[in-house]
Amino acid sequence: MSRRAARCLAILCLLLFLPGCWDVKDVDNRLLETAIGIEPAGGDRVRVWMRFPLPQSQNGAHKDFFVTKQEGSTVIEAIDQLRLRLPKSLDMSQNQSIFLDQALAKKGFMPYLEFTIRDRTVPLDSLIAITTGGMKSIFERPNPTGELSGIYTKLFFERYGGGTSQKNVVSLWEIFRGYYDPLEECLVPVLVTDSETIFRVAGNAFFKNDAMVGMISPEETLIYEIVTGKMSPFEIETADKMNLKILNSSADIDTDMRSGKPVIRIHAKLSMTLMDSARGIDIKAKHLEASINRLIEQRAAAVFRMTQAQESDIFGLGNRFRGKVPPSQYDRWPKLYSTAKLEFKLDSELKNTGLQLRRRPFINPSKEK
């Protein structure tokens, strides 16, 4: 073989290792879906909504998004039928959020979200929310603050945007973790339609296995944030009509097994600052701290009663019993949690009060005698 022929053969062999793009679809030929909604359509059928951002207004229209919906006996069938109607390839790799109707959540979310595992293109960090009142207004109304489709929901929940301690953020991978891990359950935000801002938080749903079994209010979600260490600065109103801002929190959790029953002691600490107070009220720091302790401890007792009655450990306390319960008994944890003895004690500390705690704060006393 000549040297020239050998050189040509070597080049041809190297071409086999070069990546090709023969099966890649250009971005101009793809529809990038950013939000999915799933709701009942009567009987055993479901309706799937999808929203696509548009790069520019089409034909002079003011909408910067495109919405479509499709019914099917399953979510997968509805998506397949939707592909037959779209002029471009459906791409779900840019999904930002998935909305599931509350009626379906009560039946169990697995039949409706399992497609995300099998499809393998939906991002695992997509946000999950439960909705009431239908998907029409959520998907067909433009975002009031101008963000592109999908970004509005991200900003609504994330702490770097409009997220607060009352808006629990749950990703797709977290809801599946709660389903497959018997030692904890998931807490998913519940949204209701709003005439001005598309939607608002009505509470947070808790589950047993994959079925929604109850909901705690936004105020009660504060307990979840304190116990799990996810607390962010948050304002709370006391029974004395005073507004306090919780600056930071911590929780020490002690666990034990006694006579086959879990014993859980939670000692939480809060540091707060006074934001506003009702006029004419004599404010005493110790009284205010005791009022907050009593208010939050009562809320904690109510949340523990609700979740224990439904055998739903939203706090992930079962993970603290991994060394106390044999792995073969992990499936019994929901039942053990329902019989657990739970004690919650709070110590709060008021800081940065300035002159507002003075009984008679004469800042500029009169010089007249």
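Observations on the model:
- Answer residue from the range 303-324, given it is of a type in the set (S, T, N, Q) and in a helix (DSSP H, G or I) and is surrounded by the most Cβ atoms within 10 Å (Cβ to Cβ) among those: T307
- When the range 65-121 is filtered for residues that are outside any strand (DSSP E or B) and among the β-branched types (V, I, T), the ones remaining, listed by number, are T74, V75, I76, I79, T116, I117, T121.
- Filter pass, T68 being over 25 Å from V188 (Cβ atoms) and among the polar types (S, T, N, Q): yes
- Top-ranked residue of the range 325-369 - restricted to ones that are of a type in the set (D, E, K, R), assigned to a strand (DSSP E or B) and more than 30 Å from Y180 (Cβ to Cβ), ranked as modelled with the lowest pLDDT: K351
- Odd one out for L124 among (1) closer than 16 Å to E33 by Cα; (2) crowded, with 16+ Cβ neighbours inside 10 Å; (3) of a type in the set (A, V, I, L, M): (2)
- Any hit, the range 201-208, residues being at pLDDT 90 or above, surrounded by fewer than 18 Cβ atoms within 10 Å (Cβ to Cβ) and out of contact with any strand residue (DSSP E or B) (no Cβ under 6 Å at 6 or more places or on another chain): yes
The values are calculated or read from the model by the stated rules, or taken from the named source; none is laboratory data. Worth saying up front: this structure is predicted, and the values here are computed from it rather than measured. Every residue, glycine as well, gets a Cβ built from its backbone with ideal geometry; the counts of neighbours run over all protein chains shown.
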